[in-house]
Amino acid sequence: MLVELFPAIDLSDGQVVRLTQGDYGNAKVYGSDPVAVGRSFADAGATWIHVVDLDAARSGSPQNRPVVAAIASALVGRARVQTGGGIRAVADAQQLADAGVARVVMGSAAIQRPELVEAASQVIDVAVGLDHRDGEVAVHGWTEAAGVSLDEALGWFPSASAFVITDIARDGMLEGPDIDGLAAVAAGSSAPVIASGGVSSLTDIASLAAVPGIGGIITGKAIYEGRFTVAEALKALRS
């Protein structure tokens, strides 16, 4: 399986930020021009960009959607955009498809109404975002436990094109991903797993790429903090 790199752009108030362990009170701003960041990732060779509307993930108000659309428009023919945050209806998926987004990530809404994934899949590719703490899925911008296990939720979405698996405890910590946990999830998944959370080094990239069933790797903070470049990560994947 070809493993794709997904450099990440997390949006809050139109700015590029990163949270630590999903804490909205602990956000670090990395830039005020998300379109320029997206272009820089594509210039480095990325063929996918992962964009998250953090404000919409928490509140449901898609205030950053014009920014997502601008990123997708700027990257037409160069890189595809996968986006999540506040996608809670087929109309949201349709709006993003119309804006040029290639794939949406449904998280909270998918857990609450699994049939939405099937319906949204009629208009755009849908990945299901399963963000978890110790194997329990969290929703609403990671602020609430869903009362469902990761293993159980994996079986709910036969039409999902991928599963984005985020270990919240590792997100933004630069302490390495849970390789064994992700391998177990990938082994039980009917669709490729996109790993998210904790990537800190090129060694992490190479280790994840070697796991059967991993189809993608999301990395954000490590790039912004200068641990490696997008070009170096892509080289590590190819080797």
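Every number in this text was worked out from the coordinates using simple rules, so none of it is lab data. Nothing here was measured: the structure is a model prediction, and the numbers come from that model. Cβ atoms come from the backbone with ideal geometry, glycine included; neighbour counts cover every protein chain shown.
For segment 99-213, count the residues as N, evaluate 2.2 N^0.38 Å, and divide the Cα radius of gyration by that value, please.
For segment 99-213, the normalised Cα radius of gyration is 1.03.
Taking each full run of DSSP H in the chain as one helix, which ones are at least 20 Å long along their axis (Cα atoms) and have mean Kyte-Doolittle hydropathy of at least 1.6?
Details: long enough: none.
Counting only whole DSSP H runs, no helix qualifies.
With each pseudo-label sitting 7 Å past Cα toward Cβ, what's the E175-S190 distance in nm, one decimal?
Roughly 3.5 nm, to one decimal.
Residue separation times 0.36 nm, minus the C-alpha to C-alpha distance between S201 and S59: what's the value? Write down the numbers at each step before the final one.
Working: separation 142, 0.36 × 142 = 51.12 nm, distance 3.25 nm.
Roughly 47.9 nm would be gained on extension.
Which shape class applies to segment 19-150: rounded if a/c is under 1.5, otherwise prolate when a/b exceeds b/c and oblate if not, where a ≥ b ≥ c are the square roots of the Cα gyration tensor eigenvalues? Before the final figure, lay out each step's value.
Values: a/c = 1.91, a/b = 1.27, b/c = 1.50.
Oblate.
Using a 10 Å cut-off around each Cβ, can you sort H140, H132, H50 from fewest to most neighbouring Cβ atoms?
Taking fewest neighbouring Cβ atoms as first place, the list is H140, H132, H50.
Between K235 and H140, what is the label-point separation in nm under the 7 Å Cα-to-beta-carbon projection?
In this crude label model, H140 to K235 measures out at 4.6 nm.
So how far, in whole Å, is the C-alpha centre of segment 1-62 from the one of segment 68-112?
Cα centroid to Cα centroid, the span is 13 Å.
Among W48, W156, what is the fewest-to-most ranking by other Cβ atoms within 10 Å?
Ascending number of Cβ neighbours within 10 Å: W156, W48.
Can you give the longest stretch of the chain with no exposed loop site, where a site means GluC sites (Glu not before Pro) in a DSSP loop (not H, G, I, E or B) with at most 14 other C-beta atoms within 10 Å? Mind dumping the intermediate values first?
On the way: sites that count: E175, E225.
That gives 1-174 as the longest site-free run.
Using only Cα atoms, what is the ratio of the radius of gyration of the chain to 2.2 N^0.38 Å?
In units of the globular-protein estimate, the chain measures up at 0.90.
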